[in-house]
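First comes the structure, then the notes that go with it.
Please treat every number below as a calculation from the coordinates, not as lab data. This one's a predicted model, so the numbers in the text were calculated from it and none came from an experiment. Positions of Cβ are generated from backbone atoms using ideal geometry, with glycine treated the same way; all protein chains shown enter the neighbour counts.
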Amino acid sequence: MSEKFAFIGLGAMGSPLALHLAKSGADLTVFDVNAAAMTRIVDAGAKAAASLAEAVSGRDVVITCLPASKEVRAVILGPEGILAHVSPGTLIVDTSTVDPETTDDVAAAAMEAGCAFADSPIGRTVDLAEQGNALFMVGATSNDFGRLKPALEAMGSTVHHCGGPGTGIRTKLVNNFLAIASAQLSAEALALGAGLGLDVDAALSVVNDTTATNGHLARLWPVKVLAGDTDPGFTIELAYKDMCLVTDAARQSGVPVVMGGAARESLNLARRLKDYGQKDFSALLDVATEHAGLAPVRSGK
Ligand code: NAD
């Protein structure tokens, strides 16, 4: 790839994406407020910047992977933000999960500055991103999509063009509504199994053999909460943020999401219990058993 890249935000998800971009041989600068987060990307060939301005100045494509709308607005639109330091023609790509209004505002500001913009939220889990198997759902013009696609293919394995700017983030909300509400349902169902005295592995072998199953239950939970590993991954706090985005978007578009409201408040309860907010969202199972006064459910026990 001949373009010069910058990557901002090297957390649980940004780190593996930037790592794969660096390993592809791309000319890459990186920046994170947590300097230690840059180390392994630099070891793979990227340059660490001392500031956001240094990271993005003179770059052709600037990719962000930040926690939420507030950080995305500050980092892209702020007085010392990305748009203040890049040249017209730069392609700004936000992979964060934010509210669609933030995406629309950032896209409009980028275009006003003579830049291009694509929203490219991420699907799948951190472990799959580490393996190079992240999925991207992209909102971009056809031209910008063509320009960005080689970099996305270097960072992940699957790229979907959803439509023009703003369609990627809206698709992400639909996706995460299903994924997160399903996780809450899975937690309650397995807690019920425990309450009924069932062996979890025997129950799962049935559930995973019918249409009751889902991707997290079949593939992720056996190596996360069911194996006693509740390190994130994708935190309960971020899952709560996403369910708030879902129900806000539903309210604004006049679509009732009854299950969405229940899932959001279940996540809200979970994040207020002990330190669950910073645990992997598969730990919803531990929250469900704790509420029921049951021992944690683990595979092989
Ligand atoms: P994270 O909290 O692990 O990482 C965020 C990173 O941004 C941190 O390293 C933080 O230091 C950095 N940061 C914050 N403010 C900054 C600033 N002003 N300048 C530079 N760096 C800054 O979060 P994550 O899990 O990597 O998630 C990032 C985004 O990707 C979120 O919007 C999340 O919803 C989305 N996402 C995450 C997953 C997942 O499984 N973790 C999956 C899909 C999508």
Would you mind checking the tilt of helix 167-195 against the longest principal axis of the Cα atoms of the chain, expressed as 0 to 90 degrees and rounded to 10? 20 degrees
If you wrap a convex hull around the alpha carbons of the chain, what volume per residue comes out, as a whole number of Å³? 133 Å³
Which residues qualify? For V159, with a placed amide H closer than 5 Å and at least 5 residues away or on another chain, they are F136
For the stretch 90-100, in order, what is each residue's ³J(HN,Hα) by Karplus, 6.51 cos²θ - 1.76 cosθ + 1.60 with θ = phi - 60°, in whole Hz (x at glycine and Pro)? 5, 9, 9, 10, 9, 9, 6, 9, 9, 7, x
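For the chain, calculate the relative contact order in percent as a whole number, restricting contacts to Cα pairs under 8 Å that are 6 or more residues apart.
Details: 561 pairs, mean separation 42.3, N = 301.
Once normalised by length, the contact order is 14 percent.
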Helix 236-253: inclination vs the chain longest Cα principal axis, degrees, rounded to 10, gives 80 degrees
Quick calc: nm separation of the 7 Å Cα→Cβ label points for E153 and M1 -> 1.2 nm
Nitroxide proxy distance, nm - points 7 Å out along Cα→Cβ at K23 and L294: 3.9 nm
Work out the FRET efficiency for S142 and A262 from their Cβ-Cβ distance, taking R0 = 35 Å, and round it to the nearest 0.05. 0.35
L198-Q278 pseudo-label distance in nm [points 7 Å out on the Cα-to-Cβ vector]: 3.4 nm
Collect residues whose amide H, placed 1.01 Å from N in the peptide plane, falls under 5 Å from the amide H of K47; neighbours closer than 5 in sequence don't count. L28, T29, V30
Could you go through the stretch 68-82 in sequence order and give the Karplus-derived ³J(HN,Hα) for each residue, using 6.51 cos²θ - 1.76 cosθ + 1.60 with θ = phi - 60°, rounded to whole Hz, and x for Gly and Pro? 7, 4, 4, 5, 5, 4, 5, 6, 8, 9, x, x, 10, x, 4
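Could the peptides 200-208, 180-188, 149-157 be put in order, highest first, of the mean number of other beta-carbon atoms found within 10 Å of their residues?
On the way: 200-208: 15.0, 180-188: 22.7, 149-157: 20.6.
Listed from highest to lowest mean packing, they are 180-188, 149-157, 200-208.
Using only helices, what value at 222 nm comes out for the chain when you add -39,500 (n - 2.57) per DSSP H run of length 4 or more and divide by the total residues, to the nearest 500 deg cm²/dmol?
About -13500 deg cm²/dmol.
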Amide H contacts under 5 Å for G166, restricted to residues at least 5 apart in sequence or on another chain and with H modeled in the peptide plane, are D119, G139
For the stretch 274-301 and the stretch 144-221, compute the distance between their C-alpha centroids and round to whole Å. 19 Å
Per-residue HN-Hα couplings for the stretch 46-60, Karplus 6.51 cos²θ - 1.76 cosθ + 1.60 at θ = phi - 60°, whole Hz, x for Gly and Pro? 7, 9, 7, 9, 8, 8, 4, 4, 5, 5, 9, 4, x, 8, 8
Can you pull out the GluC sites (Glu not before Pro) in the stretch 53-146 that DSSP calls coil and that have at most 13 other Cβ atoms within 10 Å? E80
Beta bridges by DSSP in the chain, antiparallel share as percent, to the nearest 5: 15 percent
At R0 = 41 Å the Cβ-Cβ FRET efficiency linking T210 and E80, nearest 0.05, sits at 0.15
